[in-house]
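Peer 1: Submitted below is the structure of interest, expressed as structure tokens.
The values are calculated or read from the model by the stated rules, or taken from the named source; none is laboratory data. Computed from a predicted model, the values in this text were never measured in an experiment. Backbone-built Cβ (ideal geometry, glycine too); neighbour counts: all protein chains shown. Heads up: the accessible areas ignore ligands, DNA and RNA and are worked out on the full protein's heavy atoms, side chains in. Shrake-Rupley method; radii C 1.70, N 1.55, O 1.52, S 1.80 Å.
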Amino acid sequence: MSAGAQSEAWFSRAQAALPGGVDSPVRAFGAVGGTPIVIQSAKAQTIVDVDGFEYLDFVGSWGPLILGHAHREVVAAIEAAVRRGTSYGAPCPAEIELAEQVVQSYPGIEQVRFVSSGTEAVMSAVRLARGATGRDFIVKFSGCYHGHVDHLLVAAGSGLVTLGEPSSAGVPADFAALTRILPLDDEAALDELFAADGKRIAAVIIEPVPANNGLLIQRSEFLSAVRERCDRHGSLLIFDEVISGFRLGPGGAAAHYGLVPDLATFGKVIGGGMPVGAFAGSRALMRELAPEGSVYQAGTLSGNPVAMTAGLATLGVLREADGWHRLEELGRHLEQVLGEALRESPCRASLARLGSIFWIALFASTPPRAAEAVAPASGEAYASIFHSLLAQGIALAPSAYEVGFLSLAHTTADVDRLGEGLSAALCNVNHGALAND
Ligand code: PLP
């Protein structure tokens, strides 16, 4: 579908004023083609573009909006907070209360520091891990994204256990050389790396629910193996829960898998749609941070009272409304409806789902667990599905490798509508490309 005249006009102005017309690359529709719809407003499960077209939204601002857009109680809390001042640069009750909630909710966590984005949370957690261990190496998994931190914008070189290579211009090769990349779902590669470099590894960072290269749901045995190898070699385990934290449940993926990381990073849901990130750990680790310890970390807007209030209001509604349980039920319904749509289509595709996070795995009869198993040619077929859905008033993420999100604002009827829309979209897709061969 092509964007409306107003979206076209705004995006043309955007291209003059903003690099690529956007402030975050995937918004540019580069992976699906066409002009991005420019959004005027959003409410509950619906977004409205500048031409007045409405879309049933399954992006949810890429994860934060677990209650849906502009939730009444969150908006009221933000309005009240703004009237009390937008930033103090000093401690405030809201940040202390939100920190206490994280501590009470998440396994093994005793202290929290708030920052303003997921990237900042990961960057700070990595520095803390290096400071606390006195080691330099960081291990990450291919297919996991941890924000645009220099040391983690690194791709695997050739071979399974490899030195990192920068995956962005501007990342010095010397930085990337301190990062090791492993495939997910592969205990043998893990062992090989720890045997070679175990004493130099400060931390292993993983999205316990990898959701940035499709949804690569891990075997709990693999995650336990990662925990065990870290313990055995004195390396810290960082769970990047920027997506999964407070979305899968109050204890995130850690509680889901029954594992306790040394450090956890948060973002998205914890900020209720405002710019918030956080990292957290035991008292013994967190005391290494300035002002008590020697690992420096700071932020003008960190613990911002308006953002903290939005996070508190969001978690409050989730608890009062039995939110996580309801999201799991809606997720089960989605799994059934989309699973059926995919089974009945002539295309080879499957559905991955955990809680309220879902992903359509094209060219895969069962959802893959490692990035290397994700079909590289999904893009073109996905673009056709994406545009067909958009023309039907349904918004999925503009990339084959991004997940979808359910919110408490979605209904079973919304999910049914997505199922019908997907069936129609699959009929139009190039069947040769997606055929059940
Ligand atoms: N970590 C994970 C797992 C993410 O998915 C993201 C962003 O999508 C980040 C970190 C970075 O967060 P932000 O975009 O808030 O900087």
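Peer 1: If a residue counts only when it is of a type in the set (A, V, I, L, M) and under 27 Å from LEU327 (Cα atoms), which helices (runs of 4 or more DSSP H) contained entirely in the stretch 341-437 have at least 2 such residues? Full working, then the answer.
Peer 2: On the way: elements: 378-391, 412-428, 431-434.
Because the criterion is at least 2 residues that are of a type in the set (A, V, I, L, M) and under 27 Å from LEU327 (Cα atoms), the helices (runs of 4 or more DSSP H) in the stretch 341-437 that meet it are 378-391, 412-428.
Peer 1: Based on what the data block shows, is ALA76 under 30 Å from ARG247 (Cα atoms) and assigned by TED's automatic domain parsing to the domain that holds ILE270?
Peer 2: Yes: the conditions hold for ALA76.
Peer 1: Is there a residue being open to solvent by 50 Å² or more (accessible area, probe 1.4 Å), modelled with pLDDT under 95 and part of a helix (DSSP H, G or I) anywhere in the stretch 144-158?
Peer 2: Checked the stretch 144-158: at least one residue is open to solvent by 50 Å² or more (accessible area, probe 1.4 Å), modelled with pLDDT under 95 and part of a helix (DSSP H, G or I).
Peer 1: Take the residues in the stretch 129-143 that are closer than 15 Å to ALA196 by Cα and open to solvent by less than 40 Å² (accessible area, probe 1.4 Å), then tell me which one is farthest from the ligand (Cβ to nearest atom).
Peer 2: By that ranking, first place goes to PHE137.
Peer 1: Further question: Any residue at all in the stretch 190-206 that is open to solvent by less than 50 Å² (accessible area, probe 1.4 Å), touching a Gly at 6+ places or on another chain (Cβ under 9 Å) and in a loop (DSSP other than H, G, I, E, B)?
Peer 2: no
Peer 1: Looking only at residues that are part of a strand (DSSP E or B) and within 16 Å of the ligand (Cβ to nearest atom) in the stretch 211-245, which one is farthest from the chain's Cα centre (by Cα)? Please lay out each step first, then the result.
Peer 2: Taking the stretch 211-245 as the starting set, the residues that turn out to be part of a strand (DSSP E or B) are 236-240.
With within 16 Å of the ligand (Cβ to nearest atom) added as a condition, the list becomes 237-240.
Values: LEU237: 18, ILE238: 15, PHE239: 12, ASP240: 9 Å.
Within the stretch 211-245, the match that is farthest from the chain's Cα centre (by Cα) is LEU237.
Peer 1: Quick one: in the stretch 114-126, of everything that is surrounded by fewer than 23 Cβ atoms within 10 Å (Cβ to Cβ) and closer than 13 Å to ILE270 by Cα, which residue is farthest from the ligand (Cβ to nearest atom)?
Peer 2: SER116
Peer 1: Looking only at the stretch 85-98, which residues are in contact (Cβ under 8 Å) with a residue 40 or more places away in the chain and not hydroxyl-bearing (Ser, Thr, Tyr)?
Peer 2: GLY85, GLY89, PRO91, CYS92, ALA94, GLU95, GLU97, LEU98
Peer 1: Also, quick follow-up: Scanning the stretch 20-78 for residues that are assigned to a loop (DSSP other than H, G, I, E, B), in contact (Cβ under 8 Å) with a residue 60 or more places away in the chain and touching a strand residue (DSSP E or B) at 6+ places or on another chain (Cβ under 7 Å), which turns out farthest from VAL276 (Cα to Cα)?
Peer 2: Only one residue fits best here, namely ILE37.
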